[in-house]
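Participant: Before we start, here is the structure in question, set down as structure tokens.
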Amino acid sequence: MGGALALAGTLATHGTAFAQSAAFQKWVAHFREQAVRRGVSEATYDRVMGHIKPDTAVYELQRRQPEFTEEMWQYINRRCSDWRVTTGKQRAKEHAALLARLEREYGVDRYVLLGLWGMESSFGDVIDNPKYMRPIIPALAALAFG
């Protein structure tokens, strides 16, 4: 009887995780059809999504984004630094040909690209910082599923 109660307690405690896992696997199977219709090969989808574990930590990170939690002027003052402006001007010169090509081929203004690059990664500086970087496919899968 004690073993049965322990098992019941375990299932009650972890039932959400089990249900989410089953629901996630169902979502992965359903999403496969959409991916294949949009040109992702079945082999690629199966290789990437076949054993994926969603990074559900992104839900809390998404809720805590400064864009949603800080006052507008506080947010702007903290992020529109002299360093970002100076570095953005340098990157604009260094990558002028690439930015011109992206602007021409995709119609996205080079200064919008530079602004996003500076805001989202400090022009690549955070790439080596695990606090900010995480594997993209598990994170996107969790966000798409959730």
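The values are calculated or read from the model by the stated rules, or taken from the named source; none is laboratory data. What you are looking at is a predicted structure, and each value in this text was computed from that prediction instead of being measured. Cβ coordinates were reconstructed from backbone atoms using ideal geometry, including for glycine residues, and neighbour counts include every protein chain displayed. What goes into the accessible areas is simple: the full protein's heavy atoms, side chains included, and nothing from ligands, DNA or RNA. Shrake-Rupley method; radii C 1.70, N 1.55, O 1.52, S 1.80 Å.
Participant: Consider Gly107 carefully, then state whether it is more than 23 Å from the chain's Cα centre (by Cα) and either among the small types (Gly, Ala, Ser) or under 25 Å from Ile76 (Cα atoms) (or both).
Facilitator: yes
Participant: Then there is this: Which condition from (1) of a type outside the set (Asp, Glu); (2) at pLDDT 95 or above; (3) out of contact with any helix residue (DSSP H, G or I) (no Cβ under 9 Å at 6 or more places or on another chain) is the one that His95 breaks?
Facilitator: Condition (3) is where His95 drops out.
Participant: Among the candidates Arg64, Arg79, single out the residue that is more than 28 Å from Ala35 (Cα to Cα) and in contact with a helix residue (DSSP H, G or I) (Cβ under 8 Å, 6 or more places away or on another chain).
Facilitator: None of the others qualify; the one that does is Arg79.
Participant: Got a sec? Which helices (runs of 4 or more DSSP H) wholly within region 17-78 have at least 2 residues that are hydroxyl-bearing (Ser, Thr, Tyr) and within 13 Å of Gly146 (Cα to Cα)?
Facilitator: none
Participant: Residues of region 96-146 being outside any helix (DSSP H, G or I), without any contact (Cβ under 8 Å) to a residue 40 or more places away in the chain and open to solvent by 40 Å² or more (accessible area, probe 1.4 Å), which ones?
Facilitator: Keep residues of region 96-146 that are outside any helix (DSSP H, G or I), which gives 107-109, 122-124, 129-135, 146.
Subset that is without any contact (Cβ under 8 Å) to a residue 40 or more places away in the chain: 107-109, 122-124, 129-133.
Within region 96-146, Gly107, Val108, Asp109, Asn129, Pro130, Lys131, Tyr132, Met133 meet the criteria.
Participant: Residues being within 15 Å of Ala139 (Cβ to Cβ) and among the β-branched types (Val, Ile, Thr): count how many of those fall in region 29-67.
Facilitator: Matching residues across region 29-67 total 4.
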